[in-house]
Amino acid sequence: MQFKGRDVISIRDFTKKEILHILDTAKYFDSGNYKEHMQGKIMASLFFEPSTRTQLSFGTAMKRLGGKVISVSDPSTTSVAKGETLFDTISMVDRYADIIVMRHPVEGASRFAAEAAQKPVINGGDGANQHPTQTCLDLFTIQKAFGKIDGLKIGFVGDLKYGRTVHSLATALTHFKTEMMFVAPETLAMPKEYLDELDSKKIKYTVTEKIEDIINDVDVLYVTRIQKERFPDPMDYEKVKGVYIIKKKLLKNAKKTMRIMHPLPRVDEIAPEIDQTPHAIYFEQAGNGIPIRQALICLVSGVIE
Ligand code: CP
């Protein structure tokens, strides 16, 4: 397995063995190991789209590793506002930093940035496409909660059309023996290309618009926000907003061991009354972003193998 110098653009770029190695490496950091593996190194954090968790957890991870962070979180304050191309921006940042983390609203922007850069580029989310580091932390969270990934029934709820975290996680889960259930309004259904991939790998899945069809059967309920910002027509958002709201009464007959995950941020799709139940693990999930990002930073930098 060779991680040194690699980009992290899509979860598809990694084998099952490599994904499991990332999770094992995260376990090492999660056990409280804070060696300064990245001392003297600089991470450029380029966020051309809003972010709380991804941006802050990458920054925290790098700093806990003894490295430093330079960042752009408001592109309007940079030369992008003067019309500088992404290629030029990345070519320059490549000379300033040892590793580049980027979020961008355009699908494929991270792949493009990786081609412009010599240093490793990590995709912090590109449009509705992929969010591979979120996927690693999602898998890590499932593994921590259940001690396994195989054998679980995983239900995805909400914006499955534009949800990059759903796309990445469903792709990653094809490496494991899981059953997937997709719950979305017709206009936000899981894209055909992902279902075709499940078909080609003979992975069992169901598609429904009703959360009641799956709620008592799932081990993991992966809830996502209906992403207002991704709708080309705001009227289409109005038709589906608030379509799924997870409340205690919905969970009456759910498995006691069922766990609710959410990449966050949430709006109203999980009622606050769920937060204190044993089902809720979404804040732990967000916390798992730190060991996972420590692992990825160290692996692609080649400071650990
Ligand atoms: N889960 C996630 O990507 O959150 P942010 O948009 O806050 O980074």
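Every number in this text was worked out from the coordinates using simple rules, so none of it is lab data. This is a predicted model, so every value here is computed, not measured. Cβ placement follows ideal geometry from the backbone for every residue including glycine, while neighbour counts extend to all protein chains displayed.
Structure above, values below:
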| read-out | value |
| --- | --- |
| Among residues of the stretch 24-41, those that are surrounded by fewer than 17 Cβ atoms within 10 Å (Cβ to Cβ) and within 20 Å of V121 (Cα to Cα), counted | 2 |
| Failed item, numbered, when K27 is tested on (1) more than 19 Å from K119 (Cβ to Cβ); (2) under 17 Å from the mean Cα position of the chain (by Cα); (3) not in a loop (DSSP other than H, G, I, E, B); (4) not polar (S, T, N, Q) | (2) |
| Helices (runs of 4 or more DSSP H) (entirely within the stretch 200-305) containing at least 2 residues that are within 16 Å of the ligand (Cβ to nearest atom) | 282-287, 289-301 |
| Checklist (1) surrounded by 24 or more Cβ atoms within 10 Å (Cβ to Cβ); (2) within 16 Å of the ligand (Cβ to nearest atom) applied to N129, failing item | (1) |
| S200 vs. criteria among the small types (G, A, S) and surrounded by fewer than 16 Cβ atoms within 10 Å (Cβ to Cβ) | yes |
| Any hit, the stretch 57-76, residues being buried (at least 20 other Cβ atoms within 10 Å of the Cβ), closer than 28 Å to Y28 by Cβ, in contact (Cβ under 8 Å) with a residue 40 or more places away in the chain and polar (S, T, N, Q) | yes |
| Residue in the stretch 143-158 that is within 16 Å of the ligand (Cβ to nearest atom) and touching a Lys or Arg at 6+ places or on another chain (Cβ under 8 Å) present | yes |
| Residues being among the hydroxyl-bearing types (S, T, Y), more than 16 Å from Y162 (Cβ to Cβ) and surrounded by 17 or more Cβ atoms within 10 Å (Cβ to Cβ) - total across the stretch 208-262 | 0 |
| Scope the stretch 30-57; condition more than 16 Å from the ligand (Cβ to nearest atom), among the charged types (D, E, K, R) and part of a loop (DSSP other than H, G, I, E, B); matching residues | K35, E36, K41 |
| Breaking point among (1) more than 30 Å from R230 (Cα to Cα); (2) surrounded by 13 or more Cβ atoms within 10 Å (Cβ to Cβ); (3) in contact with a strand residue (DSSP E or B) (Cβ under 9 Å, 6 or more places away or on another chain), for H21 | (3) |
